[in-house]
Amino acid sequence: MQFATLAATFALLSLAVAAPAASIEERAVKATVRVALSGLSELQIQREIPSNGQAGAAAGKFTDAVIQNLNGNTGITCQAYSDAAATKKVGGRFGTNSIRLNGGKEVTVAVVKCAKGATKREAEAEVEIEEREAEPEAEAEPIAEPIAVPELETRAAKATVRVALSGLSELQIQREIPNNGQAGAAAGKFTDAVIQNLNGNTGITCQAYSDAAATKKVGGRFGTNSIRLNGGKEVTVAVVKCSK
């Protein structure tokens, strides 16, 4: 009888401890939004940024920004900054629709801040920043740029499409995959796939495979609209093939 009483007491204590932990975990998820920043390299980073206006580190050079996952929040938008103090804005505010930060050219992003709406203090600070940015600056001497070969660059760009594969980790990989049906390596475990950039091509779709020989399909064909490869569960992708 005494043993049964002790066992029941222990069970109740376990439940009392476990309940707050779950609640804390739920609050932790909703305290952030997942921001994706991509550049001209193969990798795109994803960072959990606080949703209360605190700065979250995102050091690197990027061209595009988007909120990848609101984590249950609503009405959140974000702003990228080129300095750690968050005084120099890069691009405009962004949400779940991707934006170009610097007209397609890579630009330094040090931190990102996300919130439901700018506070009065933040709004005043942004006005001050905009006024400072509007002040005329001394013109810098032109820097000589390397001579490009447009024809070769165009042919190289149109020979591939950029495919993005994301999983449950923070990093999302991007790979340049041939557009002629040849297999392109993409070794890893992923949940989602999308053509990030058609590189000037039209009518291209892609197929993921779990084996290097490209005989075992993973999910359906995908284009510029993201698809789930395995119902949201990570699955091995060895290669991707793209063609018209």
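Values as computed for the structure displayed
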| read-out | value |
| --- | --- |
| Enumeration of residues in the stretch 38-61 that are part of a strand (DSSP E or B) and either at pLDDT 90 or above or open to solvent by 30 Å² or more (accessible area, probe 1.4 Å) (or both) | L43, R47, E48, I49, P50, A55, G56, A57, A59, K61 |
| Yes/no for A164 being at pLDDT below 55 and either assigned to a loop (DSSP other than H, G, I, E, B) or among the hydrophobic types (A, V, I, L, M, F, W, C) (or both) | no |
| Residues within the stretch 220-237 that are closer than 14 Å to G167 by Cα and small (G, A, S), tallied | 3 |
| Residues of the stretch 177-230 classified as assigned to a strand (DSSP E or B) and either of a type in the set (F, W, Y) or open to solvent by less than 70 Å² (accessible area, probe 1.4 Å) (or both), total | 22 |
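The values are calculated or read from the model by the stated rules, or taken from the named source; none is laboratory data. The model shown is predicted, which means the values in this text are computed figures rather than measured ones. With ligands, DNA and RNA removed, areas are computed over all heavy atoms of the protein, side chains included. Shrake-Rupley method; radii C 1.70, N 1.55, O 1.52, S 1.80 Å.
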